[in-house]
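Report on the structure given below.
The values are calculated or read from the model by the stated rules, or taken from the named source; none is laboratory data. These figures come from a predicted structure and were not determined experimentally. Because the Cβ atoms are built from the backbone with ideal geometry, glycine has one as well, and the counts that use them run over all protein chains shown.
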Amino acid sequence: MNDIYNSLSTINKEDANSHFLESDAFSIILDMQQSLAHFILEGKEIQEFIDKIAKKMECCIVLEDSTPSILAVSFAQDDSPRNDQLRSYLSLQTSPSLKSYFCFKSTPNKQISITDQYQDLTIHRLLIPVKACSELLGFLSFLKIDTHFSGPEMILAQHVVNFLAVLLAHDRKIAEIELKLKGNFVEDLIFGNYLDIESIKARARALEYDITVPNRVLVAQFDEAKQFTGYKNKDEQNSFRHEIVKRIQSVTALIAPSMAVSVNNEIIILVQADKPNHSFEAIKHIAQEIIREVSPLLKTKLFIGIGSLCTELQDYKRSYLSAKKALEIGEYMITEGQIRSFEQFKIHALFLSTLNPTELYSYARKLLQPLLDYDAEHKAELIKTLQEFLYLRNNVEGTAKSLNMSVSGIKYRLQKIQKITGYNLKDHKLCFDLQLALIILQLFGEYNVLNR
C-alpha cells in the first residue's frame, strides 16, 4: 500500500512540472492491484484509505452512497480554516450545477468536472460514480477551493475510484453475509429453532447482541405490491429491503442496542429494553423515528407492530406473534395509526387476540347493520341512543338525562330500534352481544365514540 502513496506523491504536482504518461498510469494501477489483497486482509477501513488519498492529493474527498447520503469525509489538512468553508457544500446534493443534471442512476462510469460559484467561494468538484460491474455503489467527490484539478489528478482520481469500488464491493459482500447470519439467528430465536439455550446465547454473543436482558420484538411491514411495482426482479427487491434495514438500524442504534433483519418479506427488529428509560413509550418513540426516517424511501406507508416484553428466551416467539397480531388487527382499526400494539388495545386485546379480525368485524356489522343503515338514510341517532342505553345498564331515565332528552323521547327511540331490528332489549344476553358489537365497531373506527 505504501507504494501507492509513494506513486501519488510523484504525480501530485503542478501541470507545468508534471508529465503524466500512460506508463505512469499503468504503474499506479499495478501498485493498487498488488496492494489490494493486503489492504483487504489487514481489515483496514475505507476511511483510512480516503484519509491518505486526501492528504496526498491535497483536496477534500467525500464518499456518498447511491441515495446519496454521506458515508465518509476527509480533508487535506485536519485543522485548516478552509474545512469549515467546505462543510456546507460537501454533499453533491448541494451543487447547483448538478440539480439540472441527468439522473445519477443512469450516469455512465466517467468523471464529471464542475465548478460551483457560491456567495463566498468557488468550489471545483470532480465527481465520479463508484460502480461494481453495472451496479452503482455510490459517488466519490474530490473538492478544491479556487483551484482546478490537473490532468494527472483527474487520471489518478479515476484509479482511486476503481480501487475503492473493489473495497466497497468486498465490504458489501461481508455485510450481506453478516446480515444473513443475523437473519438466520433472529428466525431461529423467535421460532425456537435451537438445540439448547446455551447454543442460541452463544450465537447472540458472536453477533455482539445480548438476548439475556429484556428486549422487545418489533415487526415492520409495507405494501410490497405497491412498493415493488416496476421492479425488474427479486434481486432489486432484496436490495431495497436491505437499504430499508440499514436505515432502520441507523435509527435504532442511536437510541438502544438493536438488531434489524429482513426475514420472509417482513422486517424484524430486536430492541433492548433493559434500562429505566426504555419504557413502552420510549419503544414507541423509536418506532416513530423509524417511520420518519424510512418513509421518504417508500411509495406506501410503513406500519410497525410492537411486541410484548421479553424477559425469558421463550418470550421472543410470544413477542413476535403479538406484534404480528397487533398489525393484523390494526389493519381494520383505522384509528390506530401506523404504530400498533396490544398496549394500545388494552382490555380489548383479550378477545381481539384470539379471534379472526375479519370475522369479528363481520359479526358486529351484521348485528348492527339495520340500525347503521337507518341512521345513514334518515340522519338519525339510533346507534348513539342504543350505545348510551346499554352503557347505563338499560336505564331509560338515565339515558334521557345523558342525552338531554325526555323519557318519552327515549322510549320512542327504543321502540323504533326494536321494530327495525326485531331485537328484544329486555333479553340480557342479546344486550351483551349488542354492547360487544358496538365496542368492536368503535375499535375498528366504524363510527365516533361518545366522549366520556
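What to note about this one:
- Residues satisfying the stated conditions in the range 219-238, i.e. at pLDDT 90 or above and at positive phi: none
- Scanning the range 46-75 for residues that are part of a loop (DSSP other than H, G, I, E, B) and either at pLDDT 90 or above or basic (Lys, Arg) (or both) yields Cys59, Phe75.
- Failed condition for Glu178, given (1) surrounded by 14 or more Cβ atoms within 10 Å (Cβ to Cβ); (2) closer than 21 Å to Gln47 by Cα: (1)
- When Ile255, Ile244, Ile197 are checked against the criterion of being surrounded by 18 or more Cβ atoms within 10 Å (Cβ to Cβ) and assigned by TED's automatic domain parsing to the domain that holds Thr300, a single residue qualifies: Ile244.
Listed here are the residues, each with its yes/no results for (1) in a helix (DSSP H, G or I); (2) within 23 Å of Ala253 (Cβ to Cβ); (3) of a type in the set (Asp, Glu); (4) free of Cβ contacts under 8 Å to residues at least 12 places away in the same chain.
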| position | (1), (2), (3), (4) |
| --- | --- |
| Tyr194 | no, no, no, yes |
| Glu198 | yes, no, yes, yes |
| Arg203 | yes, yes, no, no |
| Val213 | no, yes, no, no |
| Leu218 | no, yes, no, no |
| Gln221 | no, yes, no, no |
| Thr229 | no, no, no, no |
| Asp235 | yes, no, yes, yes |
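- Close pairs from the range 255-267: first more than 15 Å from Glu289 (Cα to Cα), partner among the small types (Gly, Ala, Ser) and at pLDDT below 85, Cβ under 8 Å, at least 6 apart: Val261/Gly183; Ser262/Gly183; Val263/Gly183
- Qualifying residue in the range 320-336 (condition: surrounded by 20 or more Cβ atoms within 10 Å (Cβ to Cβ), of a type in the set (Ser, Thr, Tyr) and either in contact with a helix residue (DSSP H, G or I) (Cβ under 6 Å, 6 or more places away or on another chain) or modelled with pLDDT under 90 (or both)): yes
- Total residues in the range 291-319, condition part of a loop (DSSP other than H, G, I, E, B) and either among the basic types (Lys, Arg) or modelled with pLDDT of 95 or more (or both): 2
- Evaluated against (1) touching a helix residue (DSSP H, G or I) at 6+ places or on another chain (Cβ under 7 Å); (2) at pLDDT below 85, Leu181 falls short on exactly one condition, (1).
- Residue match in the range 398-416 (condition: charged (D, E, K, R) and assigned to a loop (DSSP other than H, G, I, E, B)): no
Each row is one residue, and each column tells you yes or no for (1) loosely packed, with under 15 Cβ neighbours inside 10 Å; (2) of a type in the set (Val, Ile, Thr); (3) modelled with pLDDT under 85.
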residue: Asp146; (1), (2), (3): yes, no, no
residue: Phe163; (1), (2), (3): no, no, yes
residue: His170; (1), (2), (3): no, no, yes
residue: Ala204; (1), (2), (3): no, no, no
residue: Phe240; (1), (2), (3): no, no, no
residue: Met259; (1), (2), (3): no, no, no
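- Checked against the criterion of being in a strand (DSSP E or B) and not charged (D, E, K, R), the range 145-164 contains one or more residues that satisfy it.
- Matching option when the condition is at pLDDT 90 or above, surrounded by 11 or more Cβ atoms within 10 Å (Cβ to Cβ) and in a loop (DSSP other than H, G, I, E, B), among Leu425, Leu450, Leu390, Leu386: Leu425
Here's the yes/no breakdown for (1) out of contact with any helix residue (DSSP H, G or I) (no Cβ under 7 Å at 6 or more places or on another chain); (2) over 22 Å from Glu243 (Cα atoms); (3) not small (Gly, Ala, Ser):
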site	(1), (2), (3)
Ile267	no, no, yes
Val271	no, no, yes
Ala287	yes, no, no
Arg292	yes, no, yes
Thr300	no, no, yes
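Each row is one residue, and each column tells you yes or no for (1) of a type outside the set (Asp, Glu); (2) assigned to a loop (DSSP other than H, G, I, E, B); (3) modelled with pLDDT of 90 or more.
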{"residue": "Lys110", "(1), (2), (3)": "yes, yes, no"}
{"residue": "Ile114", "(1), (2), (3)": "yes, no, yes"}
{"residue": "Ile123", "(1), (2), (3)": "yes, no, yes"}
{"residue": "Ile128", "(1), (2), (3)": "yes, no, yes"}
{"residue": "Lys131", "(1), (2), (3)": "yes, no, no"}
